[in-house]
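Student: Provided herewith is a single structure, encoded as structure tokens, for subsequent inquiry.
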Amino acid sequence: MKPLNAVHLYRVRLRARFWQECFAIVGIAAGVALLFASQVSSTSLQSSVSELSRGIAGNATLQLLARDPHGFPQSMLARVQHIPGVRVAAPVLEAGANAIGPKGSETVELIGADQSLSRLGGALVRHTRLRPFLGVGAAVLPAPLSQRIGVSKFGQEVHFQLAGHTAEAPFYSQLHEGQIGPLIGSAVAIVPLSAAQEMTGLHARVSRILVAPAAGSEPRVRAALQTLAGGRLNVEAIGYEEKLFAKAAVASNQSTALFSAISALVGFLFAFNAMLLTVPQRRRLVVDLRRDGYTPQTVVAVLLLDAVVLGLIACVLGLALGEELSIHVLHSNAAFLSLEFAVGSERFVSWQSVAIATGGGMLAAIVAVLSPLRDILSRDPLAAIAPRERARATRAWGSRDGKSAGHEAATRTEGWLALAGVACLGAATLILLAAPDAAIPGMVLLVAALLLVLPFALSMTLVLVQRLARTITGAVPHVAAMELNAAGARAVAIAATGAIAIFGSVAIQGAHKDLLKGLENAAHDMNAFTDVWVSPTGSYNLMNTTPFQPVEQAKLEHLPGIRAVRLYRGGLLDYGERRMLVIAPPRQATPLLPATQFLQGNLLKATERVRGGGWLVVSRAIASEHHLHIGQTLTLPTPDPTRFHIAALSTNIGWSSGAIVMNASDYARAWGSEDASAYNVLLAPGVPPAQVVGEIERALGPHSGLAVQTAEAHIARQSALSRQALSRLTQIATLIPIVAVLAMAAAMGAMIWQRRPRLAKLKLEGLPQADLWHTILLESVLLVGVGCLTGAIFGLYGQQLADRALAETINFPVVYSVSALSALWSLALVTLTALAILAIPGYLAANVPAALALQD
């Protein structure tokens, strides 16, 4: 067949099934949109970290890094520049800060650099003035950030709260998208290096030195940098920050991968339901072409043209819809990750995201169009239609005992499928018990088990309905069971759509609830040893990781109502490919250790050891990664490397990369600094915390860079950030059932409308219109109910698998539960919503004139 003839034939067929093809396009587009939006949401965070790193570092490939916010002497720069093979070495000072303008405040990454950084060619500093203007260090901000805080005029003051004090810098200029591209969404403030050192109080110190070696000299330069570091600084590749972020974002990435898989499956089932409407026409086309002498290869080529046209249109529509979803619904949310990394708000649409979504859509179209492939390749040219004719004849006449041979064959097939489903369920159980880190394969096995068991569950339900129908006067249940039996694969596909959606929703929402409860417990534990926190202002410092000089301790101790003021220390420490949270309460703190976060070890003995010094509690994930156990020694890569013994193993205490707990005195020794991260204020008995908060604020004064809040308020802020961090799971669990309801309603509505001649025949045989409508409603309830109930049961199992993966692999604090009430609520909501949507088209279809049955 010539290509032009194939195109002409497609146009002729399209006129005959235009609305069915439109329905199929919508189905495929829904899956593409969900898949694309989830990919963009996930990759945007990783890409923003990568872009910012490259935007600062430019063509540098190595860096000399400080191990804490105090940095290291700037004099190290001259030594680095004299290393043979170093082409460019640029110092950088970085610090978290709160930028304040007339319209509000924003958390920013303060970046101080000099003109040598421009020589590296980074996009962020290419158009930035890095010399003091008239001897004054001015700030340059991305345009969206400056607009949000209300700073736009040259010379206007920008206030920065950092390290427990307030500093000012005049505004110099805005950076626009044409200058820095995708970095426009980064929350950064760029100032000359000398100004940054003055603002932070870190005179003649830097955070890191970026190094661009000459061609072929990188190994020699790295070795020389290692010698200079002397075990007190880190020497890493420029991409090190990206590795740390990838490790921290593993939970988010796994949830996105799971959502992508479920989205693709729901979209495929939607498309499959839609394509089933055109299967009879395509089967007749196959028969006609085979009768005319065309080879199977030609028939496949003709059908592939259908798939290509259908898939391309659906993918374009799906990508456009997915773009809107990624902007307005499934947008990136850095939450806790922004406390560890400078994460931008820009969306990054990579070619990989487009390719994955488009590939999934094209695959769905091809598989659906080539569903009769076995019949196409058969030697019998009538194979595509003969089985259906025989099935109709069998169902019409049946056998003497009322059971057709086709029905018996189908029952046997469903039984074998159910056994295969039980085997998949057993394999998922083994993963749950023995290898919880394989959560994604476990979920895939659960989905496979669900799909394999579903036909048997639907068949058994119809058998039960038929038996109950014998005790009921009326034709409704008999007709409903008969019609669903005749629907075959289409009925199973519709039920599977609801089953997969409810499975994903119940599993994700259940795991979300369990994780949130565990994070709330962790927040309570980490605030149990104080009544009031006093720490540097800014949301970037929610976990109290910014050091400051504790010069106000004596003043606070003399305030009325205060029993004691102790120094809390904490920070972030890079260890391997993890950026760990270090928690160091005062040695006298009670409780000293987080009791609900213990996984291995004796709480009383561990508390005694950590209080005495030289011992710490470490997250189990870190211990497993480095093959550590209780009692073993561990040398932490702190500014002053220090050996500790491991007293116990804990969860990650809500910090995705892992955490360690030691006492504040050990922290000061290991970091070589007496700076504090917060004041722990203990109140006298009976004194209201709110009263003391006001007294402390008045004592510190209005221009202090320290914030005062009660322990309960701090818990509320941490819990709010946890909910924000997990908001994508809530969006996912909500979005999937909505799409499934629309998919099932559309598929069943189309199926009902296509069956109007059959409904007219039933009316002609004497079935009243009301009974006909009730039959349609009962069919809808059975299909949706069986699918959703099966999905809910498997979803509860999936919740346990997700909980185990979060707890055992990622080491999050998880409170195990079975969300039966949530599952029942989702089941009832989806079933009733689908039924309500189908009631109107069902009523219209039941109103079909009986004369339609007499038409050919």
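Student: Check every one of the helices (runs of 4 or more DSSP H) wholly within region 725-821 and list those with 2 or more residues that are closer than 16 Å to G518 by Cα and touching a residue at least 40 places away in the same chain (Cβ under 8 Å).
Tutor: Once the helices (runs of 4 or more DSSP H) in region 725-821 are filtered for at least 2 residues that are closer than 16 Å to G518 by Cα and touching a residue at least 40 places away in the same chain (Cβ under 8 Å), what remains is 727-754, 769-804.
Student: Further question on the same structure: Considering only residues of region 206-233 that are without any contact (Cβ under 8 Å) to a residue 40 or more places away in the chain and either among the aliphatic types (A, V, I, L, M) or more than 19 Å from Q81 (Cα to Cα) (or both), which is surrounded by the fewest Cβ atoms within 10 Å (Cβ to Cβ)?
Tutor: A215
Student: Another one. Only one residue in I738, I696, I646 is within 19 Å of the chain's Cα centre (by Cα) and over 25 Å from S338 (Cβ atoms), so which one is that?
Tutor: Within the list I738, I696, I646, the selection yields I738.
Student: Can I ask one more? Among the residues that make up region 640-647, is at least one of them buried (at least 21 other Cβ atoms within 10 Å of the Cβ), touching a helix residue (DSSP H, G or I) at 6+ places or on another chain (Cβ under 6 Å) and farther than 19 Å from Y568 by Cα?
Tutor: So far as region 640-647 goes, yes, one or more of its residues are buried (at least 21 other Cβ atoms within 10 Å of the Cβ), touching a helix residue (DSSP H, G or I) at 6+ places or on another chain (Cβ under 6 Å) and farther than 19 Å from Y568 by Cα.
Student: Can you give me the ranges of the strands (runs of 3 or more DSSP E) entirely in region 51-113 with at least 1 residues that are among the small types (G, A, S)?
Tutor: Correct list: 86-101, 104-113.
Student: In this structure, does Y816 turn out to be open to solvent by 60 Å² or more (accessible area, probe 1.4 Å) and within 24 Å of L458 (Cα to Cα)?
Tutor: So Y816 does not fit the description; no.
Student: Here is a list: A659, A664. Which entry is in contact with a Ser or Thr (Cβ under 7 Å, 6 or more places away or on another chain) and crowded, with 16+ Cβ neighbours inside 10 Å?
Tutor: Of A659, A664, the one residue that is in contact with a Ser or Thr (Cβ under 7 Å, 6 or more places away or on another chain) and crowded, with 16+ Cβ neighbours inside 10 Å is A659.
Student: Now for a different question. Here are H159, H165, H176, H203: which of them is over 24 Å from S48 (Cβ atoms) and either free of Cβ contacts under 8 Å to residues at least 60 places away in the same chain or aromatic (F, W, Y) (or both)?
Tutor: H203
Student: A follow-up question, please. For L417, state whether it is in a helix (DSSP H, G or I), out of contact with any Cys (no Cβ under 6 Å at 6 or more places or on another chain), open to solvent by 30 Å² or more (accessible area, probe 1.4 Å) and at pLDDT below 90.
Tutor: Considered against the rule, which asks whether it is in a helix (DSSP H, G or I), out of contact with any Cys (no Cβ under 6 Å at 6 or more places or on another chain), open to solvent by 30 Å² or more (accessible area, probe 1.4 Å) and at pLDDT below 90, L417 comes out as yes.
Student: Could you look through region 553-573, keep only residues that are surrounded by 18 or more Cβ atoms within 10 Å (Cβ to Cβ) and charged (D, E, K, R), and pick out the one that is nearest to T530 (Cα to Cα)?
Tutor: Selected residue: R566.
Student: Can you name the strands (runs of 3 or more DSSP E) wholly within region 151-222 that have at least 1 residues being farther than 15 Å from G96 by Cα and polar (S, T, N, Q)?
Tutor: Fully inside region 151-222 and qualifying: 165-175.
Student: Within region 87-122, track down each residue that is touching a helix residue (DSSP H, G or I) at 6+ places or on another chain (Cβ under 6 Å) and over 16 Å from S338 (Cα atoms).
Tutor: Once the filter is applied, which keeps residues that are touching a helix residue (DSSP H, G or I) at 6+ places or on another chain (Cβ under 6 Å) and over 16 Å from S338 (Cα atoms), region 87-122 yields V88, A89, A90, P91, L93, G101, K103, G104, G112, A113, D114, G122.
Student: Please verify whether I508 is closer than 30 Å to L726 by Cα and either in contact with a Pro (Cβ under 8 Å, 6 or more places away or on another chain) or among the acidic types (D, E) (or both), treating the condition exactly as stated.
Tutor: no
Student: Still on this structure, please answer the following. Starting from region 82-111, take each residue that is farther than 30 Å from A223 by Cα and list its partners that are of a type in the set (S, T, N, Q) and in a loop (DSSP other than H, G, I, E, B), counting only C-beta distances under 7 angstrom and pairs at least six apart or across chains.
Tutor: The qualifying pairs are G96/T546; N98/T537.
Student: All but one of (1) under 30 Å from Y240 (Cα atoms); (2) open to solvent by less than 20 Å² (accessible area, probe 1.4 Å) hold for Q115, so report the exception by its number.
Tutor: Result: Q115 passes all but (2).
Student: Do any residues in region 700-712 that are without any contact (Cβ under 8 Å) to a residue 12 or more places away in the chain and more than 19 Å from A97 (Cβ to Cβ) have Cβ atoms under 6 Å from those of residues that are of a type in the set (A, V, I, L, M, F, W, C) and open to solvent by less than 30 Å² (accessible area, probe 1.4 Å), where the two are at least six apart or on different chains, and which pairs are they?
Tutor: Cβ pairs passing all conditions: none.
Student: Restricting to region 599-639, count the residues that are open to solvent by 30 Å² or more (accessible area, probe 1.4 Å) and polar (S, T, N, Q).
Tutor: 6
Student: In addition: If you scan region 150-186, which residues turn out to be among the aliphatic types (A, V, I, L, M) and buried (at least 22 other Cβ atoms within 10 Å of the Cβ)?
Tutor: Correct list: V151, V158, L162, A163, A169, L175, I180, L183.
The values are calculated or read from the model by the stated rules, or taken from the named source; none is laboratory data. Computed from a predicted model, the values in this text were never measured in an experiment. Here the Cβ is made from the backbone with ideal geometry for all residues, glycine too, and neighbour counts use every protein chain on show. Ligands, DNA and RNA are stripped out before the accessible areas are found, and what is left, the full protein with its side chains, is counted by its heavy atoms. Shrake-Rupley method; radii C 1.70, N 1.55, O 1.52, S 1.80 Å.
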